[in-house]
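The values are calculated or read from the model by the stated rules, or taken from the named source; none is laboratory data. Keep in mind that what you see is a predicted model, and the values were worked out from it rather than measured. Every residue, glycine as well, gets a Cβ built from its backbone with ideal geometry; the counts of neighbours run over all protein chains shown.
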Amino acid sequence: MANFLITGGTGMVGSALTKQLIQSGHEVVILTRRARRSDHPLIQYKSWDPSQNQLDETAIRTADYIVHLAGANVAEKRWTVNRKQEILESRVRSGEFLVESLKKIPNRVKAVLGASAQGWYGADPLIPNPNPFVETDPAHSDFLGSTCQSWEQSLQPLSSMGIRLIQLRIGIVLSTSGGALAEFIKPVRLGISPILGNGKQVISWIHLDDLTRLIEWTLLNESVSGIYNAAAPNPVSNRSLMRVLSRAYRRPFIPVPVPAFFLQLILGEMSIEVLKSTTMSVAKIQQAGFSFQFPRIEEALNDLLKK
């Protein structure tokens, strides 16, 4: 049994990861701005606020592994200048504060995992892309690319501190409890399949359960370190996703185009990401030995819709 410390542990991924870890018999400490008493013997909540340099030091002292998920939700609000600054600072400052805390507080931490994102990469030069993005490709110069670069760099000092560092560039996480899939389900239930732009853009996705398994596996596997793309090995287009989702719900596939200009009007700069095609290679994590439980979209959706 190990002690896992999670920042951002109350979100969709953090909550699922907590469930995964306690099922494996591990202890979980969740860092949150509003610490509270837990009703589960393997879960504790402890306080932290990176913006105020505030942290319950016992959380660091007792941790074996740290999962850093904290950061403002990228898709929650329109990208105003202030919101973009909040997205960047929430990730970079929390990462820097975590590093500072590990330098200052005596600890036994073996490994830290940072949750980065597919936003590191730009758009596919061709669709389909014969050369999917790999971990050595440079960061794109747009907002999310530069944010991911600063995000990953905030944790980089850990490598020189003797702490194994893992960075996952996570694709679109599929879950019925939140995220993009939950929004797509609403119209599909009514027999409508929204096609964003031309629908050809490739989605590098991952089932929530595979992501939580991957996080646990990488941390416990001492041979794993560095940067890995975290997505299923079989990405799909927006149109294909909607077709499979309609079939899973036993609804007719009635595509309803949502023009790019309309998305730009509603979402502003964020529409670039909605319409962007990003194909990531996951050969590196597979070669390291990880096996996906849900490698294909049909299997993933069939499982998710049963829950």
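If you go through the range 222-240 one residue at a time, do you hit one that is within 19 Å of T279 (Cβ to Cβ), assigned to a helix (DSSP H, G or I), more than 17 Å from the chain's Cα centre (by Cα) and hydroxyl-bearing (S, T, Y)? Give the steps one after another, and end with the answer.
Of all residues in the range 222-240, those within 19 Å of T279 (Cβ to Cβ) come to 227-240.
With the extra rule that they be assigned to a helix (DSSP H, G or I), the set shrinks to 238-240.
Adding the requirement that they be more than 17 Å from the chain's Cα centre (by Cα) leaves 238-240.
Applying the additional criterion that residues be hydroxyl-bearing (S, T, Y) yields 240.
Yes, there is a match, as at least one residue in the range 222-240 is within 19 Å of T279 (Cβ to Cβ), assigned to a helix (DSSP H, G or I), more than 17 Å from the chain's Cα centre (by Cα) and hydroxyl-bearing (S, T, Y).
Table: residues versus (1) surrounded by fewer than 21 Cβ atoms within 10 Å (Cβ to Cβ); (2) under 24 Å from A16 (Cα atoms); (3) modelled with pLDDT of 95 or more.
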| position | (1), (2), (3) |
| --- | --- |
| I30 | no, yes, yes |
| D39 | yes, yes, no |
| N53 | yes, no, no |
| H68 | no, yes, yes |
| L102 | yes, no, yes |
| I105 | yes, no, yes |
Exercise. Any idea which residue in the range 255-299 is surrounded by the most Cβ atoms within 10 Å (Cβ to Cβ), counting only those that are closer than 17 Å to P187 by Cα and either at pLDDT 90 or above or touching a Cys at 6+ places or on another chain (Cβ under 6 Å) (or both)?
Worked result: V258
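Report, by residue number, each residue of the range 154-210 that is in a loop (DSSP other than H, G, I, E, B) and among the hydrophobic types (A, V, I, L, M, F, W, C). Talk me through it step by step, then tell me what you get.
At the first step, the residues of the range 154-210 found to be in a loop (DSSP other than H, G, I, E, B) are 162-163, 171, 175-178, 190-192, 197-201, 204.
Scanning the range 154-210 gives I163, L190, I192.
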For this session: Mind counting the residues in the range 110-136 that are crowded, with 23+ Cβ neighbours inside 10 Å and part of a loop (DSSP other than H, G, I, E, B)?
Result: 1
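So, in the range 244-287, how many residues would count as being in a helix (DSSP H, G or I) and either farther than 18 Å from G197 by Cβ or among the basic types (K, R) (or both)?
So in the range 244-287, the residues in a helix (DSSP H, G or I) come out as 244-248, 260-275, 283-287.
Narrowing further to those that are either farther than 18 Å from G197 by Cβ or among the basic types (K, R) (or both): 244, 246-248, 283-287.
So the answer is 9.
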For this session: Quick one: count up the residues across the range 41-51 that are surrounded by 14 or more Cβ atoms within 10 Å (Cβ to Cβ) and touching a residue at least 40 places away in the same chain (Cβ under 8 Å).
Result: 2
Problem set entry | Extreme residue, farthest from the chain's Cα centre (by Cα), among residues of the range 19-70 that are more than 21 Å from R213 (Cα to Cα) and small (G, A, S) | S38
